[in-house]
Structures are given as structure tokens and as C-alpha cells.
Amino acid sequence: MTPDEIKALVRTVPDFPAPGILFRDITTLIAHGAGLSATLDHLADAARDRGAEAVAGLEARGFIFGAMVAARLGVGFVPLRKPGKLPVEVIGVDYALEYGSARLELDPTLVDAGERVVVVDDLVATGGTALAGADLLRRAGATVEDALFVIDLPDLGGAEALRAAGVEPWALMAFPGH
């Protein structure tokens, strides 16, 4: 399937979670077998082209795409978790959200020094979560130069923020607006 055919599988829900927001719902894409498989083909090709030695996924929807991309490439999957989910010593990073803050944590033994890790998530909006993930992986010793997304919301500036931090974004599709 082409990116445009895959894009047509994403449901747009107006006024969610607040009036004026057009929510891009990927559950309709995930539920479509051929669409999900084609999405993974595109993501895996992009990760392979970028020399991924491991794939990191951002909790939670990044786990869906990231783990499957890693499996297709035959490389390891590194979960970037919400606080308190890992039973071992972790490193973490706090980051700002539009209305508050959040934290990501990582078991640093999951990455090798200099290992080329590609970050995968479902969507880039402001880029805050992906930036936090890249920072966390870099603190663990990984080389992080690329982040892959199913959807980019370019009007929110996340791709530019990633580029400014030395992380090149790639997205299968883009939607205007919020």
C-alpha cells in the first residue's frame, strides 16, 4: 500500500480531546491488517536505511510499532517506559508536556555504548516525548540520530525541534493542524 492509501485508514475525530482539535486516531489503521503490515514495511525500510542496530519505542503506542519494526529487522527492541514500570535500576528524564510534565525511564543495560538506536513512535506533535527519549538513550551511551513516526503534525513544530537536537525525523504521513 502507498502512504496515501495508508493515510486514508487513519480516522479523524473532531473536537477531541478539546474543541477545535482534530484527533488523528491510528486505531483504525492498526485494526486493518494490510494497512498495518504496509505501515511496518515502510517503517522497517526507513529504519534499515538509517542503519538501525536497535529500535526504541516510546510507551505506549510506540511499543506497537517499534517492537514489530525491530522484529522485522532482527534487532533488539528497547522500551522507553513510564515511571515505576521496570523492576531494575533505571535512568530517567523528566520533560514538559503542554499541560504538565512527564517522565521516561530506561534500563541502561539494554543499549551498548555507541549502538545506533532509532526511535519509533506513532506520532510527532511538539516533539517533547521523542526528544526526551533521544536524550535518555544518549545518556545510556547510544547513538541516536533518527526518529521515525507514522504521523507528523508539522504545524506543532516537533520535527523542527528534533532537528535542532540532532535527531532527523521521518514520517510516513503528515496531517495539517493540531
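The values are calculated or read from the model by the stated rules, or taken from the named source; none is laboratory data. As the structure is a computational prediction, the values presented were derived from the model and not from experiment. Please note: Cβ atoms are built from the backbone with ideal geometry, for glycine as well, and neighbour counts cover all protein chains shown. The accessibility values were calculated without ligands, DNA or RNA, using every heavy atom of the protein model including side chains. Shrake-Rupley method; radii C 1.70, N 1.55, O 1.52, S 1.80 Å.
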Would you confirm whether any residue within segment 77-100 is closer than 21 Å to ASP4 by Cα, in contact with a Ser or Thr (Cβ under 7 Å, 6 or more places away or on another chain) and not polar (S, T, N, Q)?
-> no
So how many residues does segment 136-178 have that are without any contact (Cβ under 8 Å) to a residue 60 or more places away in the chain and in contact with a His (Cβ under 8 Å, 6 or more places away or on another chain)?
-> 2
Looking at segment 47-60, which of the residues that are at pLDDT 95 or above and either under 21 Å from GLY158 (Cα atoms) or under 13 Å from the mean Cα position of the chain (by Cα) (or both) is surrounded by the most Cβ atoms within 10 Å (Cβ to Cβ)?
-> ALA56
Return a yes/no flag: does segment 131-153 have any residue that is open to solvent by 20 Å² or more (accessible area, probe 1.4 Å), farther than 20 Å from LEU106 by Cα and of a type outside the set (A, V, I, L, M).
-> yes
Pull up segment 156-178, narrow it to residues that are modelled with pLDDT under 95 and open to solvent by 30 Å² or more (accessible area, probe 1.4 Å), then point me to the one that is nearest to LEU40 (Cα to Cα).
-> PRO176
If ALA44 satisfies every condition in (1) within 22 Å of PHE175 (Cα to Cα); (2) exposed (fewer than 14 other Cβ atoms within 10 Å of the Cβ); (3) in contact (Cβ under 8 Å) with a residue 12 or more places away in the chain but one, which is the exception?
-> (2)
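Taking the conditions exactly as written (among the polar types (S, T, N, Q) and at pLDDT below 95), does THR126 satisfy them or not?
Numbers: among the polar types (S, T, N, Q): yes; at pLDDT below 95: yes.
So THR126 passes the test.
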